[in-house]
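Novice: The structure is given below, and queries will be raised subsequently.
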Amino acid sequence: MQAIVLAGGAGTRLRPLTYTCPKPMVPVANRPALYHIVTAAARAGFSEVIVTTNYMAEVVRAYCATTLFEIPVRCVNEDRPMGTAGAVKNVEGEITGSFAVIQGDSFSEIDLAEFVAAHKRTGGIGTIAVMPVENPSEFGIVELDAEKRIVRFLEKPKPQECFSNLANTGFYIFERNVLQHIPADTPFDFSFELFPKLLQAGEQMYAWETQAYWVDLGRVGNYLAGNARFLSRQGGVSVAPDASVSADAVLHPPVLIGGAATVEAGCKIGPFCAIGNGARLGTGSRVERSILGERAIAAGHANLQECVIAEETQVGWSVSMGRLAIVGRGCTVGDRVKILEGSRVGPYVRVEQDSVVEGVISPNVQRIELSQALLTRNPAFAGLGQEELAICSILSEVGEVPAKILAGTAKVPFSRIHSLLFGLTQRGLVTGRGEAPKLFSLRYEDPGRIAQWAAQPR
């Protein structure tokens with residue numbers, strides 16, 4: 001059986017990481033997420049992986065061409081974004097029989113071999129892997145009959161619309177004849193279009209319930225959680241043979257130190273830290289639950305707490321970073337800088353010494369005005385005031401940030417931001433998740449999908 005990995009998305013909510021790295025290539029335990037997906041497919045007995053690409057396709061293609069996988073891996077590009085189901089239709093000529101679909105931005109412990117066996121037992125046209133969740137509003141949910149057939153599907157319901165807590169994980173298995181239900185050369189989505197069409201046509205769709213670990217890596221909190229989960233599975237302290245770790249550095253497992261990395265005297269690292277190949281941590285640095293990219297440098301006495309520093313970034317002396325903060329690729333951060341919770345910096349930005357960063361510093365922020373102009377043409381955003389449009393346009397560009405950062409970037413008084421966000425949430429345009437600081441984002445990374453969501457039959 002073949003596996004189709006969807007790897008074409010832009011990964012807005014992981015910006016600034018995804019300005020320079022496609023989402024399936026973000027490192028999990030020092031290897032791209034795509035590597036772990038292909039490895040899991042190989043171990044489950046799949047014969048081949050086909051990767052569908054669009055955004056930064058050349059990066060994914062170059063990685064697949066130079067990496068020795070256990071099974072053949074091929075990339076097929078979309079000339080334009082075709083949606084999740086449209087991307088599969090785009091590779092129809094390569095599909096030889098039953099096939100699996102896997103999201104390229106996921107990390108899971110789902111038993112793919114067991115999933116395949118469950119699909120074969122049902123004899124249906126398709127099977128969706130589902131799992132019970134605490135907040136169904138963040139997912140597509142299914143209603144089942146006694147035979148586990150899907151009788152209803154609703155994408156990201158409002159809380160009052162939730163008729164089930166069984167969430168779509170984005171793992172599917174289909175018979176090849178499902179492709180006849182997907183139009184050619186047309187953007188088409190599994191959740192919004194294909195699944196309702198299959199149910200209306202009387203096709204037999206089944207759910208396979210799992211409680212295995214699964215996370216969408218497309219948000220910084222989930223990304224750090226997926227990295228931590230993988231490290232906990234490995235356990236202990238793993239240090240590459242050519243890494244240099246000072247004898248008096250303290251490593252609290254699980255910790256992964258990559259090839260040619262350097263950890264200097266007095267460092268305290270861990271738990272749940274991945275230090276990339278060629279990275280360096282200076283004297284007395286403290287790092288917890290964080291990811292340090294390849295060739296990144298943190299000078300002495302850095303304090304990094306549940307954050308991400310991308311590859312080739314240089315962080316100065318006594319820099320501190322708060323929870324869920326990201327510094328993108330190639331940045332230079334001066335001495336004694338404080339980067340507060342949820343802030344986003346980069347890529348290729350210089351932050352002067354002794355600065356305090358709370359918000360978004362990016363050369364791409366000017367694109368927010370263009371995003372706002374595009375939103376005004378979207379019927380789902382009709383009738384919004386200027387402040388509300390500003391908030392939505394910022395979220396469409398920077399992805400996911402706390403309310404305080406939204407207020408500063410949108411130049412909205414902090415005393416008003418929560419009432420504005422409440423109204424946008426009630427309207428279904430914005431969602432908030434997590435504990436303080438709660439992170440806010442558009443309901444869908446692609447604003448065009450919000451109009452489709454609003455048009456769903458309830």
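Novice: Checking residue 199 against (1) without any contact (Cβ under 8 Å) to a residue 60 or more places away in the chain; (2) crowded, with 16+ Cβ neighbours inside 10 Å; (3) under 22 Å from residue 47 (Cβ atoms), which single condition isn't satisfied?
Specialist: Failed condition: (3).
Novice: To continue, here is another question. Restricting attention to region 342-361, and to residues there that are among the charged types (D, E, K, R) and in contact with a strand residue (DSSP E or B) (Cβ under 7 Å, 6 or more places away or on another chain), which single residue is surrounded by the fewest Cβ atoms within 10 Å (Cβ to Cβ)?
Specialist: It comes out as 350.
Novice: Same structure again: Based on what the data block shows, is residue 440 out of contact with any Phe, Trp or Tyr (no Cβ under 8 Å at 6 or more places or on another chain) and at pLDDT 90 or above?
Specialist: Yes: the conditions hold for residue 440.
Novice: Give region 288-312 a look and list any residue that's touching a Phe, Trp or Tyr at 6+ places or on another chain (Cβ under 6 Å) and under 14 Å from residue 227 (Cα atoms), or say none.
Specialist: Hit for region 288-312 is 289, nothing else.
Novice: Which one of the conditions (1) closer than 20 Å to residue 84 by Cα; (2) crowded, with 18+ Cβ neighbours inside 10 Å does residue 61 fail to meet, given that it meets all the rest?
Specialist: (2)
Novice: Do we find that residue 174 is in the same structural domain as residue 287 (by TED's automatic domain parsing) and either crowded, with 17+ Cβ neighbours inside 10 Å or without any contact (Cβ under 8 Å) to a residue 12 or more places away in the chain (or both) in this structure? Give the steps one after another, and end with the answer.
Specialist: Numbers: in the same structural domain as residue 287 (by TED's automatic domain parsing): no; either crowded, with 17+ Cβ neighbours inside 10 Å or without any contact (Cβ under 8 Å) to a residue 12 or more places away in the chain (or both): yes.
So residue 174 fails the test.
Novice: Next question. Condition first: of a type in the set (A, V, I, L, M), in contact (Cβ under 8 Å) with a residue 40 or more places away in the chain and in a strand (DSSP E or B). Can you find one or more residues in region 28-41 that meet it?
Specialist: Checked region 28-41: at least one residue is of a type in the set (A, V, I, L, M), in contact (Cβ under 8 Å) with a residue 40 or more places away in the chain and in a strand (DSSP E or B).
Residues checked against (1) touching a Phe, Trp or Tyr at 6+ places or on another chain (Cβ under 8 Å); (2) under 14 Å from residue 16 (Cβ atoms); (3) hydroxyl-bearing (Ser, Thr, Tyr):
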{"residue": "344", "(1), (2), (3)": "no, yes, no"}
{"residue": "374", "(1), (2), (3)": "no, no, no"}
{"residue": "377", "(1), (2), (3)": "no, no, no"}
{"residue": "387", "(1), (2), (3)": "no, no, no"}
{"residue": "390", "(1), (2), (3)": "no, no, no"}
{"residue": "399", "(1), (2), (3)": "no, yes, no"}
{"residue": "403", "(1), (2), (3)": "yes, no, no"}
{"residue": "407", "(1), (2), (3)": "yes, no, no"}
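Novice: So, one more: What pairs come up if the first residue lies in region 435-453 and is free of Cβ contacts under 8 Å to residues at least 12 places away in the same chain, the second is among the hydroxyl-bearing types (Ser, Thr, Tyr) and surrounded by fewer than 17 Cβ atoms within 10 Å (Cβ to Cβ), and their beta carbons are under 6 Å apart, counting only those six or more places apart or on different chains?
Specialist: Between residues of region 435-453 that are free of Cβ contacts under 8 Å to residues at least 12 places away in the same chain and residues that are among the hydroxyl-bearing types (Ser, Thr, Tyr) and surrounded by fewer than 17 Cβ atoms within 10 Å (Cβ to Cβ), there is no close pair.
Novice: Still on this model: Could you list, ordered by first residue, the pairs with Cβ atoms under 6 Å in which the first is in region 283-297 and within 19 Å of residue 246 (Cβ to Cβ) and in the same structural domain as residue 310 (by TED's automatic domain parsing) and the second is in a loop (DSSP other than H, G, I, E, B) and hydrophobic (A, V, I, L, M, F, W, C), at least 6 apart or interchain?
Specialist: From residues that are within 19 Å of residue 246 (Cβ to Cβ) and in the same structural domain as residue 310 (by TED's automatic domain parsing), the pairs are 283/265; 285/267; 285/302; 290/307; 292/279; 296/279.
Novice: Tell me which residues, restricted to region 29-50, are more than 30 Å from residue 176 (Cα to Cα) and surrounded by fewer than 24 Cβ atoms within 10 Å (Cβ to Cβ).
Specialist: 29, 31
Novice: Among what's in region 221-230 and is touching a strand residue (DSSP E or B) at 6+ places or on another chain (Cβ under 6 Å) and in contact (Cβ under 8 Å) with a residue 12 or more places away in the chain, pick the residue that is surrounded by the fewest Cβ atoms within 10 Å (Cβ to Cβ).
Specialist: Filtering region 221-230 for residues that are touching a strand residue (DSSP E or B) at 6+ places or on another chain (Cβ under 6 Å) and in contact (Cβ under 8 Å) with a residue 12 or more places away in the chain, the one surrounded by the fewest Cβ atoms within 10 Å (Cβ to Cβ) comes out as 230.
Novice: A further question follows. Please find, among 311, 294, the residue that is within 19 Å of residue 29 (Cα to Cα), under 19 Å from the mean Cα position of the chain (by Cα), charged (D, E, K, R) and surrounded by 19 or more Cβ atoms within 10 Å (Cβ to Cβ).
Specialist: 311
Novice: Is at least one residue of region 357-370 closer than 24 Å to residue 327 by Cβ and in contact with a Leu (Cβ under 7 Å, 6 or more places away or on another chain)?
Specialist: Yes, that holds for at least one residue.
Novice: Shifting gears a bit: Pairs, please: C-beta under 6 Å, at least 6 apart or cross-chain, first residue closer than 20 Å to residue 442 by Cα and in region 134-154, second outside any loop (DSSP other than H, G, I, E, B) and β-branched (Val, Ile, Thr)?
Specialist: Here the result reads 154/141, each pair linking region 134-154 to a residue that is outside any loop (DSSP other than H, G, I, E, B) and β-branched (Val, Ile, Thr).
Novice: Further, regarding this structure: Tell me which residues, restricted to region 433-448, are closer than 17 Å to residue 359 by Cα and surrounded by 15 or more Cβ atoms within 10 Å (Cβ to Cβ).
Specialist: Within region 433-448, 437, 439, 440, 441 meet the criteria.
Novice: If you don't mind, there's one more thing I want to ask. With the requirement that a residue be among the charged types (D, E, K, R) and assigned to a loop (DSSP other than H, G, I, E, B), what does region 137-155 give you?
Specialist: Within region 137-155, the subset among the charged types (D, E, K, R) is 138, 143, 145, 147-149, 152, 155.
Scanning region 137-155 gives 145, 147, 148.
Novice: A follow-up question, please. Cβ contacts < 9 Å: first residue not assigned by TED's automatic domain parsing to the domain that holds residue 422, restricted to region 369-394; second residue basic (Lys, Arg) and modelled with pLDDT of 80 or more, any location; separation 6+ or different chain. Result?
Specialist: Sorted first by the residue in region 369-394, then by its partner, the list stays empty.
Novice: Another question about this same structure. Condition first: among the β-branched types (Val, Ile, Thr), part of a loop (DSSP other than H, G, I, E, B) and touching a Ser or Thr at 6+ places or on another chain (Cβ under 8 Å). Now tell me which residues in region 76-102 satisfy that.
Specialist: 91
The values are calculated or read from the model by the stated rules, or taken from the named source; none is laboratory data. Everything numeric here is computed off the predicted structure, so don't read it as measured data. Positions of Cβ are backbone-derived with ideal geometry, glycine not excepted, and every protein chain shown enters the neighbour counts.
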